[in-house]
Amino acid sequence: MRRLGQELSVLFILFIALIVVLFPYFWTLLASFKTEAAINRPLDWNFDPTFANWERVLRSDIPMQVRNSILVGLLTVAISLVVGAPAAYAFSRFRAGGDAIRFIILAAQMLPPAVLIVPLFLIMYKLRLLDTIWAVTISHLTFILPLITWFLIGFFEDVPRELEEQAMVDGCTQWQAFCRIVLPVIRPGLGAAALFGFVLSWNDLFYALLLTGKHSRTLPVGIAGFWTFRGIEMGQMSAAIILTIIPVVIASFFVQKYLVRGLGGGAIKG
Amino acid sequence: MIRKLFHLKYRMLFPIVLVLVLIMGYPLVFSFWVSLHDYRLTAIENVQWIGLKQYAMLFKNASYWTAMRNTIVFVVMAVTLELILGFGLAVLLHRPTTLFRHFFRAILLTPMFITPIAVGLMFRYMLNSQLGIIPNLLRLIGIQIDWFGPQLALFSLALIDVWQWTPFMMLLLLAGLEALPSEPFEAARVDGASSWRIIWHITLPMMRPIIIASVIIRMLDAFRVYEYVYAITRGGPGESTETIQYHIYRVGFLYFRMGEASAMAYTLIVVILFLVVLLFYSLRWEREK
């Protein structure tokens, strides 16, 4: 009897936590179907849903900003994987650079954006790259490349050495063994790292706000822009917020299983 | 020697070294150079060397210290709450008897994936004193709270951080719990110890290194708080929610005083580096055990 009481109180606490987490999504989703008048009566549950907010959002600049965000995310992740995966392998297999280099990678990832934004802005200004997706992509590389590298170290550590040794006995060079044997083995890790990197790029406001302009604005800058000029367009802003949330929440279900191992970055296990 | 330089190890590392030097090394050096000059975007033709004067001036700059203090208060409030709630939830979700625990885990983790600006705007809407559902519900039971007034604004921002990042703390601690050996727990249960005693005398001491690492990781992240301030208060009322990251943004990009902003950024590096070194040693210590 006591056990049952304990289990029920555990479920009760978790249920409360669930409501705390889900309510903001629910309330924002609701607002996206409300008229401005209905939004002004928060306690009134009787309202006629309208699709006007969604229609207006889909006809605004938002779809273009979604495209920019996707483009920047894909570019950042692609470059990070191509540059980061061999490096992570070298750190894990050859103990390249020892602990010092792992420390530098970790420190690079932790660097606050405020430190890099001034020089990056001035450099992009001089190179005439402001308001292009390259400026944002390069700035996103500063935190996503170290993260993806750090993330992959942990996955490479888990690959048994015998696998490559076997391949090399069969006549592969070590590079070939890396490409043909090791990379396919850690495919789930590569996928999780890519998805996580993409989410971080998708979420960034700070760099994007300062390095983009009319043509290259990303989605977070777009939704941040809803309340500055014409007053707050609550309904439309809610629709845009829901639009940014949905893809990452879906992505999160695929990533969470691998997240812990990756964040350990070979530090906890290695 | 030459052959050694062409070792696969170095060929594999060359791209990352090149990219990091270009996108981080060079900007860091450049930024230090800027911090030693009176570098204003409004007077870019007339950049003058002033040495360490900007750093010296920071000591007398009240806004800078307010921003630093606000940031530290914010970080301490947010991370403390996140640790308590995150640890509690992690323990509950770790219990093998808890029903639906994978379902709860998946849903409870979602806030950490959402862009912070969206989180800021959602809460700005929900806590707004006219439109917001929360103040309206509280009013029904006779409580009037101005969430973004001068006394509470910084605390409200910390609560928003708690909503978004407790899941991350929970995730790290769950990973830690899963890595613990099971023998001490079984022994304690056989001896008839209560759940509370097990948590207090066995779980907490064994988790200490992981807790320390998780707290430092969250602190490092919380130091960058910017989006909630930008979305909700823009540093106000007064300077009560001006955080260091937001302050640097304002000085550099609204007042165009890039030199001063760079100097502030460099003082921030010192704080961050201190935390990173702590984190590094705590991770290494754990590994060597």
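For this structure, a couple of remarks:
- Between the helical axis of A:187-203 and the longest alpha-carbon principal axis of chain A there is an angle of about 40 degrees.
- Remark: the range A:122-270 carries a charge dipole of roughly 500 debye about the Cα centre, counting +1 on each Lys and Arg Cβ and -1 on each Asp and Glu Cβ.
- Selected from A:Gln166, A:Gln236, A:Gln109 as most flexible by GNM, with chain A as the system and alpha-carbon contacts under 10 Å: A:Gln166
- Net charge of neighbours whose Cβ lies under 15 Å from the Cβ of A:Pro113, counting Lys and Arg as +1 and Asp and Glu as -1: -1
- The range A:138-175: chymotrypsin sites (Phe, Trp or Tyr not before Pro) in DSSP loop, at most 13 other beta carbons within 10 Å: none
- Between amide H atoms placed 1.01 Å from N, distances below 5 Å from B:His37 occur with B:Ile50, all of them 5 or more places distant or on a separate chain.
- Most mobile of B:Thr98, B:Thr66, B:Thr166 in a GNM of chain B (Cα contacts under 10 Å): B:Thr98
- FRET E, pair B:Gln130, B:Phe155, Förster distance 22 Å, beta-carbon r, rounded to 0.05: 0.60
- Summary value for chain A: 31 percent relative contact order, contacts being C-alpha pairs under 8 angstrom separated by 6+ residues.
- Counted charge near A:Pro188, where neighbours are those whose Cβ lies closer than 11 Å (Asp, Glu -1; Lys, Arg +1): +2
- Near-label residues of the range B:255-283 by backbone N, under 18 Å of a point 7 Å along Cα→Cβ of B:Lys60: B:260-261, B:263-264
- Among A:Cys172, A:Cys179, the sequence by solvent-accessible area, most first, with a 1.4 Å probe is A:Cys179, A:Cys172.
- By a 1.4 Å probe calculation restricted to protein chains, B:Phe100 has an accessible surface near 130 Å², given to the nearest 10.
- Among A:Val82, A:Val66, the sequence by solvent-accessible area, most first, with a 1.4 Å probe is A:Val82, A:Val66.
- Across the range B:114-191, the mean sequence separation of Cα contacts (distance under 8 Å, 6 or more residues apart), normalised by length, yields a relative contact order of 18 percent.
- Trypsin sites (Lys or Arg not before Pro) restricted to the range A:74-135 and DSSP loop, no more than 13 other C-beta within 10 Å: A:Arg95, A:Arg128
- Taking 20 Å as the straight-line reach from the Cα of B:Lys60, the aspartates and glutamates in range (excluding those fewer than 8 positions away in the same chain) are B:Asp38, B:Glu239, B:Glu242, B:Glu260.
- When chain B is treated as a Gaussian network with alpha carbon springs shorter than 10 Å, the biggest mean-square fluctuation among B:Ile232, B:Ile202, B:Ile244 belongs to B:Ile202.
- For chymotrypsin sites (Phe, Trp or Tyr not before Pro), the sites in the range B:234-278 that DSSP calls loop and that have at most 13 other Cβ atoms within 10 Å are B:Tyr255.
- Simple rule: put +1 on each Lys or Arg Cβ and -1 on each Asp or Glu Cβ in the protein assembly as shown, find the dipole, and look at B:Tyr226, B:Ser156, A:Thr76; the Cα lying farthest toward the positive end is A:Thr76.
- Set of aspartates and glutamates near A:Lys214 by C-alpha distance (under 12 Å), chain-local residues within fewer than 8 positions excluded: A:Asp61, A:Asp131
- Cβ-based charge dipole, the range A:1-109, positive-most Cα from A:Gln65, A:Phe15, A:Ile39: A:Phe15
- Accessible area of B:Arg250 in the full protein assembly, 1.4 Å probe (Å², nearest 10): 50 Å²
- Chain B - percent relative contact order, Cα under 8 Å, separation 6 or more: 29 percent
- Global form of the range B:1-155, assessed from the alpha-carbon gyration tensor, a/c cut-off 1.5: oblate
- Model label points for B:Ala193 and A:Asp61, set 7 angstrom from Cα along the Cα-to-Cβ axis, are 6.0 nm apart.
- Net charge dipole size for chain A [Lys, Arg +1 and Asp, Glu -1 on Cβ; Debye, nearest 20]: 180 debye
- From phi via Karplus (6.51, -1.76, 1.60), per-residue ³J(HN,Hα) for the range A:5-22 in Hz, x at Gly/Pro: x, 5, 4, 5, 5, 4, 4, 4, 4, 5, 5, 4, 4, 4, 5, 4, 6, 7
- Positive dipole terminus of the range B:1-138, leading residue within B:Asn70, B:Val34, B:Gln54 (C-beta point charges): B:Val34
- Value at 222 nm in deg cm²/dmol, rounded to 500, when DSSP H runs of n ≥ 4 in chain B each add -39,500 (n - 2.57): -21500 deg cm²/dmol
- Contour minus Cα-Cα distance for A:Ile19 and A:Thr50 (0.36 nm per residue): 8.6 nm
- Solvent exposure of A:Asp204, expressed as accessible area, is near 20 Å², computed with a probe of 1.4 Å over the protein chains only.
- In chain A, helical runs assigned H by DSSP with n ≥ 4 each contribute -39500 (n - 2.57); averaged across all residues and rounded to the nearest 500, the mean residue ellipticity at 222 nm is -24500 deg cm²/dmol.
- Net charge dipole size for the protein assembly as shown [Lys, Arg +1 and Asp, Glu -1 on Cβ; Debye, nearest 20]: 580 debye
- The range B:131-254 - Rg (one decimal) and Dmax (whole number), Cα, Å: 20.6, 65
- Local charge for A:Val169 was computed over the other residues whose Cβ lies under 13 Å away, with Lys and Arg +1 and Asp and Glu -1, and equals -3.
- Among the helices of chain B, those built from whole DSSP H runs whose Cα atoms reach 18 Å or more along their own axis and whose mean Kyte-Doolittle hydropathy is at least -0.5 are B:8-20, B:62-94, B:153-179, B:204-222, B:258-288.
- For the protein assembly as shown, the fraction of alpha-carbon pairs in successive 10 Å shells from zero, as %: 3, 16, 26, 27, 18, 8, 2, 0
The values are calculated or read from the model by the stated rules, or taken from the named source; none is laboratory data. These figures come from a predicted structure and were not determined experimentally. Positions of Cβ are generated from backbone atoms using ideal geometry, with glycine treated the same way; all protein chains shown enter the neighbour counts. Heavy atoms of the whole protein, side chains included, go into the accessibility calculation; ligands, DNA and RNA do not. Shrake-Rupley method; radii C 1.70, N 1.55, O 1.52, S 1.80 Å.
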